[in-house]
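Notes follow once the structure below has been shown.
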Amino acid sequence: MSAVNSPHALQLLVVVLDVSSVPGTPHLLGQAITMLQLAYLAPLIAGVVHATAVSPRATVADSLLDLSSLLPPGFSKCGPLNDILSPISCQNTTVQQNTCCFNAPGGHFLQTQFWDFDAPVQFSGPADSWTVHGLWPDHCDGSFDEFCSPERESTNITGVLEFNKEFEILAFMKKFWTDDTGNDESFWEHEWNKHGTCMSTLEPQCILGFNEEARTDIIIFLKRTIGLYQNLNTFEFLERKNIVPTTTKTYKFADVLSALVAATGKTPTVQCDGTNNAFLNELWYHFETKGSVVDGIFLHADPDPGSDSNCPEDVYYWPKGAPLPTPSPTSTSAAPSPTSTEDKGTIQVYTATGSNVGCILSKGTWSQQTCATFRPTLGSAAGSIQLTSSKGPCAVNATDGTLDCASGVTDASDFSNSTISTGSLLAFNGSSQFSADVLPTGQVQSPVFVDGTHPQAITLVYTRV
């Protein structure tokens, strides 16, 4: 992925200006189409100008895919002038009523990428490229909505792409938007259903030319995500500073972060995983917007509250598919055999009847949504473990006795565990009895209490994946 700035805009201008000369196109119609496409181009050019001012790379995408294949199948009803004149999301001083033309409440966007160093090599994407995770709309305060429109969810993203004859996009996604277990379709559905449906400017009434059968909103979401990703070549950003995957040494995390800041002008969030959270694993690039997701401008931004990096001073940039190192002992106590520090897994929830109903999400809540992945490490007490999700370490809240996982947790709680047929039964302070106020259904999340005093008695079982 080579670094190119305004030539993208020039390439598209050539495409635009050739439209009116297509044989058989009436002159006035050709002029109208040209003006419409030029209008669409205006915010992209503005994005190039802004991005060039803060970094040597542009906001619009580099051409792994030809730029024309990333043009959206519809336009925002607000028009390109709105995109240019619109306040920047999360910086507006007055409430914006028209959320078709202004992203709210999700005005802070994260383009997220994976480096799946520990996934089977056939599922981890190219050895010289980070892969797409998604595009997430956070609130400006770091909170976020999810699964905002069940009626717009999809169970067949592949079918949507094939219906629209977007075969080049589909081939790209199969290579660069991969699930670490091989279930790409489910992964794509999850990203759209959880995050895409929460973008206010992608609601059907906001899109000029929306087609329900063609699912114009989904196509725009996928293309916008890919467009941003293509201009954020993390592998190249690090390689410029001689930071490349290797099994023979670690890098200073400060140098990794410096290389990424140099590329975009803003600080991304870097997530590490594996033993002692010392392996580069995920990256979140932050944006604010002017106008619509459909055809507006994405501007690099600093992280929103709560989006902190979790990496130690020295980190591994481990080659995909390479055997992982054997961890050195970090405690004099023996690690519980079912949950060593090389593990990762989910925490399944079982009701008093023995039924497996949902699991624990990354914040520590119980839900029947997609399970979070947890990493166990040795606890402070002999024979105990501590758990960490993508949100951060997990601890029992001293105020209300709930299980909380967050980056702000500084003193993770110790849990004991015992092997049972379905995994490792977790216990806190010697008791495996947890509880909740209600059994969650749909998108509901129930706080988990570390005692048996609430109406819904449950047990928690850590299950390796």
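The values are calculated or read from the model by the stated rules, or taken from the named source; none is laboratory data. Only a predicted model underlies this, so the values are computations on that prediction, with no experimental measurement involved. Ideal geometry is used to build each Cβ from the backbone, glycine not excepted, and the neighbour counts take in all protein chains shown.
Per-structure values
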item	result
Single residue of A352, A322 found to be surrounded by fewer than 22 Cβ atoms within 10 Å (Cβ to Cβ), farther than 25 Å from S143 by Cα and either modelled with pLDDT of 90 or more or under 20 Å from the mean Cα position of the chain (by Cα) (or both)	A322
Odd one out for F428 among (1) among the aromatic types (F, W, Y); (2) buried (at least 21 other Cβ atoms within 10 Å of the Cβ); (3) more than 29 Å from T181 (Cβ to Cβ)	(2)
Pairs with Cβ under 9 Å, 6+ apart, first in the stretch 424-451 and of a type in the set (D, E, K, R), second not in a loop (DSSP other than H, G, I, E, B)	D437/S446; D437/F449; D437/Q456; D451/F428; D451/S431; D451/F434; D451/S435
Helices (runs of 4 or more DSSP H) (entirely within the stretch 207-272) containing at least 1 residues that are under 25 Å from D184 (Cα atoms)	216-230, 234-239
Qualifying position, being over 24 Å from I226 (Cβ atoms), surrounded by fewer than 23 Cβ atoms within 10 Å (Cβ to Cβ), under 21 Å from the mean Cα position of the chain (by Cα) and touching a residue at least 60 places away in the same chain (Cβ under 8 Å), among D308, D304	D308
Conditions (1) at pLDDT 95 or above; (2) farther than 26 Å from Q97 by Cβ; (3) among the polar types (S, T, N, Q): number failed by T248	(1)
Search result, residues across the stretch 176-195 that are farther than 21 Å from R152 by Cβ and under 17 Å from the mean Cα position of the chain (by Cα)	F176, T178, D179, D180, T181, N183
Condition check for K252: touching a strand residue (DSSP E or B) at 6+ places or on another chain (Cβ under 8 Å), within 21 Å of L280 (Cβ to Cβ) and charged (D, E, K, R)	yes
Among (1) closer than 24 Å to S89 by Cβ; (2) part of a helix (DSSP H, G or I); (3) touching a strand residue (DSSP E or B) at 6+ places or on another chain (Cβ under 8 Å) - the single one M173 does not satisfy	(1)
Top-ranked residue of the stretch 103-122 - restricted to ones that are at pLDDT 95 or above and among the aromatic types (F, W, Y), ranked as nearest to D302 (Cα to Cα)	F109
Residues being over 30 Å from L70 (Cβ atoms) and of a type in the set (S, T, N, Q) - total across the stretch 231-257	5
Failed item, numbered, when L208 is tested on (1) in contact with a Lys or Arg (Cβ under 7 Å, 6 or more places away or on another chain); (2) farther than 23 Å from G125 by Cα; (3) crowded, with 20+ Cβ neighbours inside 10 Å	(3)
Any hit, the stretch 193-213, residues being among the hydrophobic types (A, V, I, L, M, F, W, C), farther than 17 Å from Q113 by Cβ and touching a Ser or Thr at 6+ places or on another chain (Cβ under 6 Å)	yes
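Let's see how each residue does on (1) of a type in the set (S, T, Y); (2) under 30 Å from S76 (Cα atoms):
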| residue | (1), (2) |
| --- | --- |
| Y285 | yes, yes |
| I297 | no, yes |
| D308 | no, no |
| G321 | no, no |
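Each row is one residue, and each column tells you yes or no for (1) modelled with pLDDT under 90; (2) surrounded by 13 or more Cβ atoms within 10 Å (Cβ to Cβ).
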| site | (1), (2) |
| --- | --- |
| A381 | yes, yes |
| T402 | no, yes |
| D411 | no, no |
| S421 | yes, no |
| P440 | no, yes |
| V448 | no, yes |
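This table checks each residue for (1) crowded, with 20+ Cβ neighbours inside 10 Å; (2) at pLDDT 95 or above; (3) in contact with a Cys (Cβ under 7 Å, 6 or more places away or on another chain).
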residue	(1), (2), (3)
I226	yes, yes, no
Y229	yes, yes, no
A254	no, yes, no
L280	yes, yes, yes
